[in-house]
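Note sheet for the following structure.
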Amino acid sequence: MSAHAMSASPLSVEKAIRPIALRTRGHSHGAVTRLVSPGDAGELIKPFVFLDYFEADPANAPKFGFHPHSGIATLTLILAGQAFYKETTDGREGVIDTGGVEWMRASSGVWHTGGAHGEKRIKGFQLWVAMPPALELAEPQSQYLDASAFRAAGPARVIAGEYEGVKSIVGSPEGMTYLDVNLRAGERWIYTPPAGHSVLWIGSHTGQLATPEQVTAGELVVFKESNTPVEFEAITDAGFVLGSAVKHPHDLVTGYYSVHTSQAALREGEKNIATIGRRLHNQGVIGR
């Protein structure tokens, strides 16, 4: 157990408590729940601009056809089951197992597809991250990583960024941290944000937590902007993802599949994905 994970006891009244600014259960469409969009919580927690939670049996899981992105990166964390992927960065395709991650920095433009694979129930999160101007139209990059590629700081697997000296190999931009946290019933853990990180949120997928306000599975909770640590106590066995970051200082200029920092960048990104789309159509990969 790490120095930050302790046996159960009442939350200390001496500690400054970081208030909750927003809590939501999002909007569900079948197996997918949209917890964050740029027009709502995404404005509060940018660079994190979309967050979807998905859970389904493979037979009923949604099948996502080829679709484009530009300007952002998608980070998909598979908590249970398996997912397949195929994308236009070097024609890559394969399967991500439980605990694995897809990091796809679309930047100047990528088309991809994916969905459930195998027979086990799939469960996970897909996060969209807004890129800074220097990266929003850069060459695309992608990584597909097994669970063994990630190390933990106490009860938190470091999926992106760095925490307590543990650095992820995911090629995310500076100034963001993304953790996969699992606490046993009665366990307490303090998250101390890195310097400059004023954005902090969690997405709970299992059990009940106290922050000290109670948080239950299915909730997204956004904390008030500050650099104050947050203490979590697991009322039951609990699992959640946590994001913290230096706040993205740019406007969110959105297209249908794209998020950029300016109208000019959006036009360029959408022009690029239209060009790729025409090529895929000519190759017979996608219809009209």
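The values are calculated or read from the model by the stated rules, or taken from the named source; none is laboratory data. In this text the structure is predicted, and so the values were computed from the model without any measurement. We place every Cβ from the backbone using ideal geometry, glycine too, and count neighbours over all the protein chains shown. Only protein heavy atoms, including side chains, enter the accessible area calculation; ligands, DNA and RNA are left aside. Shrake-Rupley method; radii C 1.70, N 1.55, O 1.52, S 1.80 Å.
Looking only at segment 25-42, which residues are assigned to a loop (DSSP other than H, G, I, E, B) and out of contact with any helix residue (DSSP H, G or I) (no Cβ under 7 Å at 6 or more places or on another chain)? I'd like the intermediate steps shown before the answer.
We begin by selecting, within segment 25-42, every residue assigned to a loop (DSSP other than H, G, I, E, B); these are 25-26, 30-31, 37-40.
Correct list: Arg25, Gly26, Gly30, Ser37, Pro38, Gly39, Asp40.
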Output for segment 265-288, where each listed residue is closer than 18 Å to His69 by Cβ and open to solvent by less than 60 Å² (accessible area, probe 1.4 Å): Ala265, Leu266, Gly269, Asn272, Ile273, Ala274, Ile276, Gly277, Leu280, Ile286
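Rundown of residues vs (1) over 14 Å from the mean Cα position of the chain (by Cα); (2) at pLDDT below 95; (3) over 24 Å from Ala217 (Cα atoms); (4) of a type in the set (Lys, Arg), yes/no style:
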residue: Asp97; (1), (2), (3), (4): yes, no, no, no
residue: Gly124; (1), (2), (3), (4): no, no, no, no
residue: Asp146; (1), (2), (3), (4): yes, no, yes, no
residue: Arg151; (1), (2), (3), (4): yes, no, yes, yes
residue: Pro155; (1), (2), (3), (4): yes, no, no, no
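For Ser198, state whether it is within 26 Å of His248 (Cα to Cα) and in contact (Cβ under 8 Å) with a residue 40 or more places away in the chain. Reasoning before the result, please.
Values: within 26 Å of His248 (Cα to Cα): yes; in contact (Cβ under 8 Å) with a residue 40 or more places away in the chain: yes.
So Ser198 fits the description; yes.
Taking only segment 84-95 into account, find how many residues are open to solvent by 10 Å² or more (accessible area, probe 1.4 Å) and in a strand (DSSP E or B).
6
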Just to be sure before I move on: is Leu266 over 30 Å from Leu183 (Cα atoms), of a type in the set (A, V, I, L, M, F, W, C) and modelled with pLDDT under 95 in the structure I sent? no
Within the set of pairs 6 or more residues apart or between chains, which connect a residue that is within 23 Å of Leu77 (Cβ to Cβ) inside segment 227-249 to a residue that is charged (D, E, K, R) and open to solvent by 50 Å² or more (accessible area, probe 1.4 Å) with Cβ atoms less than 9 Å apart? Ala234/Arg184; Asp237/Arg184; Ala238/Arg184; Val246/Glu174; Lys247/Glu225
Could you say which residue among Phe66, Phe50 is at pLDDT 95 or above, open to solvent by 20 Å² or more (accessible area, probe 1.4 Å) and either under 26 Å from Leu137 (Cα atoms) or in contact with a Cys (Cβ under 7 Å, 6 or more places away or on another chain) (or both)? Phe50
Output the qualifying pairs, or none if there are none: Cβ atoms under 8 angstrom, residues six or more apart or on different chains, first residue in segment 17-35 and touching a residue at least 40 places away in the same chain (Cβ under 8 Å), second residue open to solvent by 60 Å² or more (accessible area, probe 1.4 Å) and among the aliphatic types (A, V, I, L, M). Ala21/Leu44; Leu22/Leu44
Within segment 115-154, how many residues are in a loop (DSSP other than H, G, I, E, B) and either under 22 Å from Gly81 (Cβ atoms) or of a type in the set (S, T, N, Q) (or both)? 6
In contact (Cβ under 8 Å) with a residue 24 or more places away in the chain and among the hydroxyl-bearing types (Ser, Thr, Tyr) - does that describe any residue in segment 56-74? yes
So which strands (runs of 3 or more DSSP E) are wholly in segment 188-268 and hold at least 3 residues that are within 28 Å of Leu135 (Cα to Cα)? 199-206, 220-223, 238-245
Inside segment 101-141, can you point out the residues that are touching a His at 6+ places or on another chain (Cβ under 8 Å) and of a type in the set (S, T, N, Q)? Thr113
